[in-house]
Amino acid sequence: MLWNWKVNVILGGMAFLLTYVCSFTNNTWQTSLFRSGIGFLLFFIFGYVFRSVLYQITAIKSPNQMMDSKNTEQDGRVEEFNRMEEQQAEEPSFQEIPLTSLHKGMETKDTEKIARTIQSWTANDKEG
């Protein structure tokens, strides 16, 4: 949360737009754009500094709460990982089937039927 760059981009963008609009009425567009870029960089960088100072102040005032929140977050991740392992253990594992058992049910009659069917297909193709 401390180094979330999106918040700083939003602050910098707002400073950019406000500076550009206010500066455009009195200056050329190049000067306004340059000043707006400087405003964006200042707000972007100072946003990090300000947020890190606030974070340090809150860490000094309540170090136990900061550690508790980190520990509960880690405990939640560990519990979720354990649940995922249990679910994987409950799933049936892969059981291989021997190749001979697949071919036991096929008798010679089946192969003769297949041969006749293929012959009828080729005969139909020759006719049409």
> Would you pick out the residues in the stretch 1-24 that are under 23 Å from residue 58 (Cα atoms) and loosely packed, with under 13 Cβ neighbours inside 10 Å?
Replying inline: 1, 2, 3, 4, 5, 6
> Before we move on, is residue 77 among the basic types (Lys, Arg) and modelled with pLDDT of 85 or more?
Replying inline: no
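Conditions (1) buried (at least 16 other Cβ atoms within 10 Å of the Cβ); (2) without any contact (Cβ under 8 Å) to a residue 60 or more places away in the chain; (3) not in a helix (DSSP H, G or I), marked per residue:
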position: 26; (1), (2), (3): no, yes, yes
position: 30; (1), (2), (3): no, yes, no
position: 34; (1), (2), (3): no, yes, no
position: 47; (1), (2), (3): yes, yes, no
>> Among (1) over 22 Å from residue 10 (Cβ atoms); (2) open to solvent by less than 80 Å² (accessible area, probe 1.4 Å); (3) at pLDDT 80 or above, there is one condition residue 56 misses while meeting the rest; what is its number?
In response: (2)
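The values are calculated or read from the model by the stated rules, or taken from the named source; none is laboratory data. Given the structure is predicted, the values throughout are model-derived calculations rather than measurements. Ideal geometry is used to build each Cβ from the backbone, glycine not excepted, and the neighbour counts take in all protein chains shown. Protein only, heavy atoms only, side chains kept; ligands, DNA and RNA dropped before computing areas. Shrake-Rupley method; radii C 1.70, N 1.55, O 1.52, S 1.80 Å.
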